[in-house]
Amino acid sequence: MLFEDNIPYNTLKTLLIVIGTLGMMCTTTRFKYSAKRVALIFFLYLSYVAASSASIITFLGYPFYLRVFPFTISVPAIVLVFKLAKDQPAKAVFIYTTQILISSYASATVTLINTAINGTELTDFFMRFMFYALVILLEYRFLRRPFLWFTEVTNSGWLVLALIPCSLLAFSVTLASYPIPYTQNPTNVVYIYLLSAVIAIIYFSIFQYLAMQYRLQMTKQNLELMEVQVNRLKDKLSADAIAAEKFRIDRHDTRHILCTAASLLKSEKPADALDYISQSIRRFQAHTPVRYCQDVIINATLSTYFEQAKEAGIVLETRLQFTDTLPIDSGEIAIVIANALENAINACLLLPKEKRRIAVQCICTPKFMLEIANPCKEEVLFSKDGLPLSKEKGHGIGTRSIFAFCNKYHASFDFAVSNGQFVLRIVL
């Protein structure tokens, strides 16, 4: 039942459909403005929807309204939400038009069900309200975080994909309203739901494509990360090898130093001997590298990032107990440590110098356990997988690298915020 003669109810129904569709669109959207400003703009838009819909139905009829609503309501909604959101144009069109397509099918289905049961305006309104409330709740609870994370990583192909829901929406509206409304044309109803099966297949293919793009993008980012980390480790290993060679030279020279000191003592020149020994000790202390563990790669990683932290005025609290034999490849452990320390250092750089502090605990007996804690400036949001969500585009690669390491070795991990401290724990 379309209730064509009941203009107030049709206006109310239109407002319910628009509010529900906007709610669906907002569940997968990050806005640039405050909630109050967004709510005010939506209120003005809904006022326009109510006035324009009532006018079109009154003067041109409900069938004409069905034919033009994509242009009078849907297109302005897409433009409006895009202006308020942070999405790129092609991605926005794909996401919002898809939600409008789902809403259109749901609205038509409710109309057909209500007609079949000879329902009233009240049953029609109740079914629509329950549908939108349920869908918005489910999308916000289960889809929002993974979807935002997923679409942020996948940046290519949206322009072509955006054409698909636009074409499907135009085709479905044509079937539903030409030459007469779908409620008066059973044949078109069959075609509309056959089209829905085609839409389901198309969207299954789309999300398979997006999943492939996501995996390719993640692989590319991980390779880039690995390349950066490997280059850093190579540089540090070279520096460490030079330092080790110098240490061997200094050890060789120690014999000559002792001989000289002994000669001075034999010549009864103890003051000169003590002065000479003191100078030699200071020279050795100035050039002896700090060694945190026996493993060359992990030691190079710790040396690099600890030095960066000290240069940034960050206070380090360390408890390191490495064994000669590590449970897995030291290169992979080094990359995890590098990613975690880099994230901690970047977080500390946002704070005043007096608050910059990183606590590092790494123990290899009886299990490998890594814990890194640092103060955090802002509230941290977490994804469905328990990973911290980055607010800046292109960030968060290091976190995903740590997540991949934990999945590979079935390690337990925990990203948490407690008492203003961001804490990462990994147990292998």
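The values are calculated or read from the model by the stated rules, or taken from the named source; none is laboratory data. Everything quoted here is computed from the prediction, not taken from an experiment. Virtual Cβ from ideal backbone geometry, glycine too; neighbours counted across all protein chains shown. The area values use the complete protein model at the heavy-atom level, side chains included, leaving out ligands, DNA and RNA. Shrake-Rupley method; radii C 1.70, N 1.55, O 1.52, S 1.80 Å.
With the simple model of a label 7 Å out from the Cα in the direction of the Cβ, Ser263 to Arg37 spans 8.0 nm.
Between rounded, prolate and oblate, where does region 298-428 land on the alpha carbon gyration tensor, with a ≥ b ≥ c its root eigenvalues, rounded for a/c under 1.5, else prolate if a/b exceeds b/c? Oblate. Here the Gaussian network model covers the chain, with springs between Cα atoms less than 10 Å apart; of Ile281, Ile337, Ile100, Ile281 fluctuates the most. Computed from the Cβ-Cβ distance with R0 of 41 Å, the FRET efficiency linking Ile117 to Ser55 stands at 0.85. The Rg/Rh ratio of the chain, with both radii computed over alpha carbons and Rh defined as the Kirkwood radius, is 1.22. For the chain, find the longest principal axis of its Cα atoms and tell me its angle to the long axis of helix 35-60, 0 to 90°, nearest 10. Helix 35-60 and the main axis of the chain meet at about 20 degrees.
Size descriptors for region 1-72 (Cα atoms only): Rg and Dmax, in that order, 13.8, 41 Å. Taking only the Cα atoms of region 1-156, the ratio Rg/Rh comes out at 0.98, with Rh defined as the Kirkwood radius. In the context of the full set of protein chains, the chain has a per residue accessible area of 55 Å² (1.4 Å probe).
A crude spin-label estimate for the pair Asn407 and Leu138, with each label 7 Å from Cα along the Cβ direction, gives 2.5 nm. The 3J(HN,Hα) values that the Karplus relation (6.51, -1.76, 1.60; θ = phi - 60°) gives for region 27-32 are, in residue order, 5, 10, 10, 9, 9, 7 Hz. Gly and Pro appear as x.
Centroid-to-centroid, using Cα positions, region 107-128 and region 297-334 are 65 Å apart.
Helix 158-177 and the longest principal axis of the C-alpha atoms of the chain enclose an angle of approximately 20°. Relative to the dominant Cα principal axis of the chain, helix 186-266 is inclined by about 10°.
Using the beta-carbon distance between Leu223 and Asp414 and R0 = 30 Å, what value does 1/(1 + (r/R0)^6) give for FRET efficiency, to the nearest 0.05?
Numbers: r = 27 Å, r/R0 = 0.90.
Result of the calculation: an efficiency of 0.65.
Please report the carbon-and-sulfur percent of the accessible area for the chain; probe 1.4 Å, protein heavy atoms only, DNA, RNA and ligands left out. Of all accessible area on the chain, carbon and sulfur atoms account for 64 percent. Inter-label distance, Leu159 to Val190: 4.1 nm, where each label sits 7 Å from its Cα along the C-beta direction.
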